[in-house]
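The values are calculated or read from the model by the stated rules, or taken from the named source; none is laboratory data. Remember, predicted model here, so these are calculated numbers, not experimental data. All Cβ positions, glycine included, derive from the backbone under ideal geometry; neighbour counts span all protein chains shown.
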């Protein structure tokens, strides 16, 4: 079993309220869940208008497949012109084979 997570930091330059922020972040998070069958949520900066951090996690039978899913999610997030990706970070949960 391979568990991988992706953290994506976003800058939302055209957002001027939390309501506008939700209108940008929600389609990204819901799209990740729907298109890639991953767990996704806004995980930081909830009260700051022009910043957001989205966390995504996937579980797979192979490390290659988990990496491919996170690659696709990252490309999907980059495709939103309203959000500028400022940083990404990946983590892997390593378990010993039984």
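Brief remarks follow.
- Filter pass, residue 29 being within 25 Å of residue 62 (Cβ to Cβ), modelled with pLDDT of 95 or more and touching a strand residue (DSSP E or B) at 6+ places or on another chain (Cβ under 6 Å): no
- Elements of type strands (runs of 3 or more DSSP E) contained in the chain, each with 3 or more residues being surrounded by 14 or more Cβ atoms within 10 Å (Cβ to Cβ) and touching a helix residue (DSSP H, G or I) at 6+ places or on another chain (Cβ under 6 Å): 2-11, 51-60
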